[in-house]
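Worksheet for the structure shown next.
The values are calculated or read from the model by the stated rules, or taken from the named source; none is laboratory data. This structure is a prediction, so every number in the text was calculated from the model and none was measured. Please note: Cβ atoms are built from the backbone with ideal geometry, for glycine as well, and neighbour counts cover all protein chains shown. Note: areas computed on protein heavy atoms with side chains; ligands, DNA, RNA excluded. Shrake-Rupley method; radii C 1.70, N 1.55, O 1.52, S 1.80 Å.
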Amino acid sequence: MVKKIKTKITKSDGSGLFHDSRRDVAMLSRVCNELIDKVNQLTDKVNELDNISK
């Protein structure tokens with residue numbers, strides 16, 4: 001079973017000239033990596049189904 005993605009991207013806390021760019025990039029990187037993992041899981045499932053149907 002492939003679980004749903006529950007991670008949400010939220011707006012940065014920084015309001016004004018200064019904000020935490022490193023934290024923002026780290027959060028986006030983490031979410032991108034989660035998405036890559038999820039796509040890979042789905043690809044594996046699709047490949048399994050494709051092999052069963054042959």
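Does L49 satisfy the criteria of being out of contact with any Pro (no Cβ under 6 Å at 6 or more places or on another chain) and open to solvent by 100 Å² or more (accessible area, probe 1.4 Å)? Step through it out loud before you land on a result.
On the way: out of contact with any Pro (no Cβ under 6 Å at 6 or more places or on another chain): yes; open to solvent by 100 Å² or more (accessible area, probe 1.4 Å): yes.
Yes: the conditions hold for L49.
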Every residue from the range 10-31 that is loosely packed, with under 10 Cβ neighbours inside 10 Å and out of contact with any His (no Cβ under 8 Å at 6 or more places or on another chain): T10, K11, S15, G16, L17, F18, R22
Apart from one, (1) modelled with pLDDT of 90 or more; (2) more than 14 Å from the chain's Cα centre (by Cα) all hold for D13; the odd one out is (1)
